[in-house]
Amino acid sequence: MDTIMAATSAGRLSTGSSFLGSVVTTGASTTPASSASDSGGKCHHGVSLRRNDKALSFASPKSLRIAAVLQTQEESVKVPAATTTLETQSIDASTGDITKEIISAEAKLFVQTYARSPVVFVKGDGCKLFDTEGKEYLDLTAGIAVNALGHADPTWVKAVTEQAAKLTHVSNLFHTVPQVKLAERLVNSCFADRVFLANSGTEANEAAIKFSRKYQTVAGEKQIGEKAAADLIAFTNGFHGRTLGALSLTSKVQYRMPFEPLIPGCQFLEYGNLEEVEKAVVKGRTAAVFVEPVQGEGGILSTSVSFLKGLRRICDQTGALLVFDEVQCGLGRTGKLWAHEAFDVKPDIMTLAKPLAGGLPIGAVLVTEAVASTIANGDHGSTFAGGPLVCHAALAVLDHIQAPGFLESVASKGHYLKAQLQERLSNNPHVKEVRGYGLLVGIQLNVPAAPLVAAALKEGLLILTAGKGDVVRLAPPLIISEQELNKAVDIL
């Protein structure tokens, strides 16, 4: 790939013509790349880097590609203030080669676990994303329901940069202030008495599995090693993660089959079928029932108040724990702080993750004192979880979501989006139903959704699939405007 030279003017890209000895522009001044090696700062693969208007020199094409990507990300797309749109850009005709190069490098370097879309993003601003060519996209995915505040929210950025300059990581061998403040905020905002912090949703669910089984050992007055209630109940179309325990509770066969045998004692019941639950949950055998109040990956599905209340009753009668997985549907996504609030049912354990830190990796397991009292020192742990950086970011997210009127605005925009979709798509023969809860909306099709997702990408709209591949999932940043929702509906 040619050396990428990022011009200092907004949104411009140009390309050089040679590998070594070329000039790489990183700021106001330029320096022949060969002279940069005297600066020190040697990196892997023979790369010398000097930042802040200094040149970069590269000793290999591989290093050149890596640095070129870095260069492109930092300099190529200049996004103006959040209230304006990207200026018309003068893009060199060969700029498309950057995207091809990155995609080609990904295919060679990474284990191919992802079917990525053919686009390379370098910048975000609110509900907009920009690719290497400066093209603007309206983001109705929010990084799979993660970026609740959108991209580069100023208060979030300020929180992250301030904390990064103070303290990032010390491990859980020591106390830190942001971690305790976050725990206090979470506990005070829900049913729970205590919290365990993790790094992701699947980690949170793994912890919930362990906590459920340990609880049953202690509650059943079993000695360690004696058989206690250990079976787990989950539901059709449910998704709880991809690590071994969480995968054992995830219903999609294509996710599970390549890795079987999974953990024993997991049973899937029909989502919403209380009669099946009555028969399957057995005192002394069933440790916990895992359920999503609103299924995201499963196709934007919810159940009835009577079903969740019935689960609570059955768990109380049998001694099983009720676990709500709100990794995707929690923290404001449905227009309530917690999705289960709409059902007036409280769990014993609740798992969180996606939007909590606004894009940084975090998970949380919220538990009652009855559960927490059975967990002893050393029963579980994590090196990275709950570090001061990610916890400070999470506090900034909570400040925003819990601000007066914010959740009401999410609910209102969710109703507006559904109404617009129902009106505009009602005559489309491929649309069976529009359903949703707050800003988690699904469009049920009678054909595969993937072609529509691909077509929307070309038109500058990012959307997701769900269910059996026949549902369009819309999970935009919670700060999206009605004007942006209108644009998305127009494109669809």
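D for the stretch 99-154, whole µm²/s, Stokes-Einstein with Kirkwood Rh over alpha-carbon pairs at 10 °C and 1.306 mPa s: what number? Approximately 127 µm²/s, per Stokes-Einstein. Extension gain, Ala105-Val180: 0.36 nm per intervening residue step, less the Cα-Cα distance, totals 22.8 nm. The Cα-based radius of gyration of the stretch 426-492, divided by its Kirkwood radius, gives an Rg/Rh of 0.94. Note on Glu133: accessible area is roughly 80 Å² with a 1.4 Å probe, heavy atoms of protein only.
At a Cα cut-off below 18 Å, give the aspartates and glutamates reachable from Lys309, other chains included and same-chain residues fewer than 8 away excluded. Qualifying aspartates and glutamates at Cα under 18 Å: Glu270, Glu275, Glu276, Glu278, Glu292, Asp325, Glu326, Glu341, Asp344, Asp348.
A dipole drawn for the stretch 152-311 from +1 and -1 charges on Cβ atoms has a positive end, and of Phe259, Val277, Leu308 the residue lying farthest that way is Phe259. The Ala419 and Asn377 beta-carbon pair, evaluated with R₀ = 60 Å, returns a calculated FRET efficiency of approximately 0.70.
Accessible area per residue for the stretch 204-337 is 40 Å², calculated with a 1.4 Å probe on protein heavy atoms, without ligands, DNA or RNA. Dividing the C-alpha radius of gyration of the stretch 112-184 by 2.2 N^0.38 Å, with N its residue count, gives 1.46.
Work out, step by step, the length gained on full extension between Ala115 and Asp316: first 0.36 nm times the residue separation, then minus their alpha carbon distance; give nm to one decimal. Don't skip to the end; give the middle numbers.
On the way: separation 201, 0.36 × 201 = 72.36 nm, distance 4.27 nm.
Using 0.36 nm per residue and subtracting the Cα-Cα distance, I get 68.1 nm.
The fraction of accessible area contributed by carbon and sulfur in the stretch 404-492 is 53 percent, rounded to a whole number (1.4 Å probe; ligands and nucleic acids excluded). Coupling constants for the stretch 409-420 follow from the phi torsions by the Karplus curve (6.51 cos²θ - 1.76 cosθ + 1.60, θ = phi - 60°), and in residue order they are 5, 5, 4, 5, 5, x, 4, 5, 4, 4, 4, 5 Hz; glycine and proline get x.
What Kirkwood hydrodynamic radius do you get for the stretch 122-252 when you take the inverse of the mean 1/r over all pairs of distinct Cα atoms, in Å? Can you show the working numbers first?
On the way: mean 1/r = 0.0534 Å⁻¹.
Final number for the Kirkwood radius of the stretch 122-252 is 18.7 Å.
What do you get when you divide the Cα radius of gyration of the stretch 222-364 by 2.2 N^0.38 Å, with N the number of residues? If you can, show how the numbers build up before the last one.
Numbers: Rg = 15.0 Å, N = 143, 2.2 N^0.38 = 14.5 Å.
Rounded to two decimals, the normalised Rg is 1.03.
Here the extension length gained between Glu408 and Asp193 equals 74.8 nm, from 0.36 nm per residue of separation less the Cα-Cα distance.
For the pair Met257 and Leu457, label points projected 7 Å from Cα toward Cβ lie 2.5 nm apart. Inter-label distance, Lys283 to Ser171: 4.5 nm, where each label sits 7 Å from its Cα along the C-beta direction.
By accessible area, using a 1.4 Å probe on protein heavy atoms only, the stretch 109-233 has 56% of its surface on carbon and sulfur.
The portion of the accessible surface of the stretch 244-320 made up by carbon and sulfur, rounded to a whole percent, is 56 (1.4 Å probe; DNA, RNA and ligands excluded). With the cut-off at under 19 Å, measuring from each backbone N in the stretch 303-320 to a point 7 Å along the Cα-to-Cβ line of Val218 picks out 316, 319-320. Peptides 389-400, 272-283, 185-196, ordered by how many other C-beta atoms sit within 10 Å of their residues on average, highest first, read 389-400, 185-196, 272-283. The Kirkwood hydrodynamic radius of the stretch 279-430, based on inverse pair distances between different Cα atoms, is 17.7 Å. Distances between every pair of Cα atoms in the stretch 381-492, grouped in 10 Å steps from 0 to the bin holding the largest one, split as 13, 38, 26, 18, 5, 0 percent.
The values are calculated or read from the model by the stated rules, or taken from the named source; none is laboratory data. Note that the coordinates shown come from a computational prediction; the quantities given were computed from them, not determined experimentally. Positions of Cβ are backbone-derived with ideal geometry, glycine not excepted, and every protein chain shown enters the neighbour counts. Side chains included, ligands, DNA and RNA excluded: accessible areas come from the protein's heavy atoms. Shrake-Rupley method; radii C 1.70, N 1.55, O 1.52, S 1.80 Å.
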